[in-house]
Amino acid sequence: MGLRDLFRGKSDQEPDNKKTSETEKDNQTDNKENQETTNDEQKDDTQATDSNASVATSVLTAKQKLADFTQQYNDHRETLQDLLFGQQKEIQTAADQLNTKITDAQKTVDDTGSQVTQIQNEMEEASQKASAPYVEKQTVLNGRIKENQDKAGNLIDQVKAINSELSGLNNKQQELVQAEADISAKFKSEKDPAVIVTLADQYRSDIEDNKGERDKNATAIKAVDDKREGLKQQLQAVRDKLTADQKQLSDINDQLEKAQIKLASDDEGRSKHLEALTEELTKAQKDLTQLQSDSDQKHAELTAVNQDIDDWLGIPVPVNGLVLDSDSEIILDMDGLTNDQFELMKRVVKRFIDRGIEHVGLYTSQFTLNLTDQIARWTSNLEVKDGIVSVYNPLYNLQHQGKIGAKYQLPDNAVSDDWNDGHTERTLVLPNGWTLKVHYYNNGEQISTVDSYKKDHLAESSTLTMAGQLTSNLFYNDDGTKNRDEYYSQSGLGVLNVRYEQDEVKQVELLNPVGMQVQAFDNIDGFTQWWLKNDFSKNGLLVGSIENEQYRQLLQVTQGEPIALTTGAVADSDDFKTWATGLSKQQYLVDNYETEMKIIKLLNQPLTISLLDPRNLPVSLGTPLGDVK
């Protein structure tokens, strides 16, 4: 970083081999002369001189070695910076490409998934629509079947209960029949007549009771059996309904199946499309997973190189110095400079000239005829080499077009020609009654202005250059107000007219070489803006104080390449980042290393910065431990 890069391969402190050689030669000569001296006192002086020369040579050598090492360090650091940030850019580019692919793949997954879902929904809707009439009947039949199944189950349970009851009654009837048979058998088995007579009535009574019981039980059996038969009939009726409903349900199921088969046949194309989309979705999801994995890998690599950048460079962005050659032209914006800014501009000029820049230009938007004197003062104060600069100014450049024409001549037919008492003003009276009042530069022989009076009022005022060329004519109305200004090139041709109304600029007219108007503007600023856009140099580098609004506007209008002059105090301004954002290129010339680091931190983007004061020698240098073997 810094102005060391202003010219490639040229150190900011180049070895002065000639000076070193001359020093060594002088030392050798002194040593030889001292060796030839035989006086003891001279020998002591010789030893002291040798010691001082040795110390001086050692200091010079140490300085030179440090300067050489500094250049080597800067070169190696720049190489490492280029490599690391090149690697970062390569990885970031790959990561960005992967992100783009991931976005596209995710869109493919989303779009394909949406198509799959849409087709599935359409097919489901079509299926539901085709199945709806049958499903409705199925629902009704299933409800009835369930209901009848429940009824049949209930009836079966009742029949089972009645069968159990009937079985009990039948068993009881059999027992009663068996009891009657047992009574009869016992009665018949008696042989004793007396017993038979005694038991006859009892047996008769028991048999009658048994018969009554059997008759009653038989009646109950019949009633239960009748009830069972009724339940069986109900059960059969339910089963008949159930069978009929099941048959109808089976028919409906068959119809539904046929409808679905037909629907499937009709949707065969859509089904194949769905299958193809499903395969495409699966592939897209697989590709997306792989891309995300690749992206994770690139971000890991990016993290590693960013750590290297932080460890080895200490700044998050690449920063290079200005690279110019001797043919480059710097154009200094002189508008609105404060005293401090002018002093800083002097350092800029010295720095560039010391680095071999041969072309210095000065820009100002001033609309004045006295610009030549101002340019001379600036050139002198800036200590421009050989005092030669290029001037960039709308009026100045127009008036310096073409070859130098003939000098202005006063009329030679004056009826009177007189000087005032102080010999500062010459008055000529012409035959037509006009009066000319002539003034000279520094009371010398070169005319500066000629005021022409018609009767008693000023009609015209002419301004001449030091070389004697007419540069402008200002015409007045009879009431003393300005009418128009006519400006001329050094060849004598009219180049610009400024028309007035009540002493206010009404219109500015740009003329071609034959005096025809080619452009018109409402004011001087409009003319200046047009000139900047159309005639201003596109090759020079515009140097100016970034805090000056005039400089920023100049860059905006001309789209010129900036070198923004910045100090630490300016970088501390709340508006600095806004000013910097407006630059077409991030190129800065700063006062010192501290300001450079401040700008790097503030802007956090690739920068081109050079230093007016490149001195920056740390107490020690160190590299990340363990990174280099």
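The values are calculated or read from the model by the stated rules, or taken from the named source; none is laboratory data. Here the structure is a predicted model, which is why all the values come from computation and not from measurement. No Cβ is skipped: glycine too gets one built from the backbone with ideal geometry, and neighbour counts run over all protein chains shown. Heads up: the accessible areas ignore ligands, DNA and RNA and are worked out on the full protein's heavy atoms, side chains in. Shrake-Rupley method; radii C 1.70, N 1.55, O 1.52, S 1.80 Å.
Points 7 angstrom from Cα along the Cβ direction at Asn604 and Glu124: gap in nanometres?
About 4.8 nm separates the two model spin labels.
Calculate how large, on average over all directions, the projected area of the Cα convex hull of region 72-299 is; give the answer in nm² to one decimal.
On the way: hull surface 117.4 nm².
Directional mean of the projected Cα hull area for region 72-299 stands at 29.4 nm².
Rounded to the nearest 5, what is the percent of antiparallel bridges among the DSSP beta bridges in the chain?
If I count the DSSP bridges inside the chain, around 65 percent turn out antiparallel.
Excluding ligands and nucleic acids, what accessible area in Å² is computed for Lys437 using a 1.4 Å probe, to the nearest 10?
Its heavy atoms expose roughly 50 Å² to the probe.
Quick one: with all protein chains in place, what share of the accessible area of the chain is carbon or sulfur, to the nearest percent (1.4 Å probe)?
The nonpolar share, carbon plus sulfur, comes to 48 percent.
Write down the accessible area per residue of region 416-512 in Å², having rolled a 1.4 Å probe over the full set of protein chains.
For region 416-512, the per-residue accessible area is 52 Å².
Quick check: with the 1.4 Å probe, what order do Ser189, Ser416 take by accessible area, largest first? Provide the component values of the computation, followed by the final result.
Working: Ser189 70, Ser416 35 Å².
The residues order as Ser189, Ser416, largest area first.
Say R0 is 51 Å: what FRET efficiency, to the nearest 0.05, do Glu147 and Gln115 get from their beta-carbon distance?
0.70
Using a 1.4 Å probe and ignoring any ligands, DNA or RNA, find the accessible area of Asp287 and quote it in Å² to the nearest 10.
It works out to around 60 Å².
Quick one: order Val557, Val177, Val514 from most to least accessible surface, probe 1.4 Å.
Val514, Val177, Val557
Please report the projected area of region 472-629's Cα convex hull averaged over all directions, in nm².
About 15.5 nm², averaged over all directions.
Which residues in region 577-611 have a backbone N closer than 14 Å to a point placed 7 Å from the Cα of Lys89 along the Cα-to-Cβ line?
Counting backbone N atoms under 14 Å from the label point, the list is 606-608.
Does region 416-512 classify as rounded, prolate or oblate by the C-alpha gyration tensor (a ≥ b ≥ c root eigenvalues; a/c under 1.5 gives rounded; else a/b over b/c gives prolate, otherwise oblate)?
Cα axes put region 416-512 in the oblate bin.
Do the sum for the chain: with -39,500 (n - 2.57) for every DSSP H run of n ≥ 4, divided by all residues, what is the mean residue ellipticity at 222 nm, to the nearest 500 deg cm²/dmol?
Value at 222 nm, helices only, nearest 500: -21000 deg cm²/dmol.
Considering only protein heavy atoms, what per residue accessible area in square angstrom results for region 72-299 with a 1.4 angstrom probe?
Value for region 72-299: 67 Å² per residue.
Would you tell me the accessible area of Glu460, worked out with a 1.4 angstrom probe on the heavy atoms of the protein chains, in Å² to the nearest 10?
Answer for Glu460: close to 40 Å² accessible.
Compute the relative contact order of the chain as a whole-number percentage, counting only Cα pairs closer than 8 Å that sit 6 or more residues apart in sequence.
Worked out over the chain, it gives 13 percent.
Can you work out the Karplus-derived ³J(HN,Hα) for every residue in region 457-470? Use 6.51 cos²θ - 1.76 cosθ + 1.60 with θ = phi - 60°, whole Hz, and x for glycine or proline.
For region 457-470, the Karplus-derived couplings read 10, 6, 9, 7, 10, 10, 10, 10, 7, 4, 7, x, 8, 5 Hz, x marking Gly and Pro.
Please report, to two decimal places, log10 I(q)/I(0) for region 345-422 at q = 0.11, 0.20 Å⁻¹ as given by the Debye formula with identical point scatterers on the Cα atoms and no solvent.
These q points yield log10 I(q)/I(0) values of -0.48, -0.94.
Given a Förster distance of 45 Å, report the FRET efficiency between Val619 and Thr581 from their Cβ-Cβ distance, rounded to the nearest 0.05.
The computed FRET efficiency comes out at 0.80.
Looking at the P(r) of region 215-322, how many percent of alpha-carbon pairs lie beyond 24 Å?
Distances greater than 24 Å cover 73 percent of the Cα pairs.
Sort Ser489, Ser390 by accessible area with a 1.4 Å probe, largest first.
Ser390, Ser489
Normalised by the empirical 2.2 N^0.38 Å for globular proteins, what value does the Cα Rg of the chain take?
On the way: Rg = 59.4 Å, N = 629, 2.2 N^0.38 = 25.5 Å.
For the chain, the normalised Cα radius of gyration comes out at 2.33.
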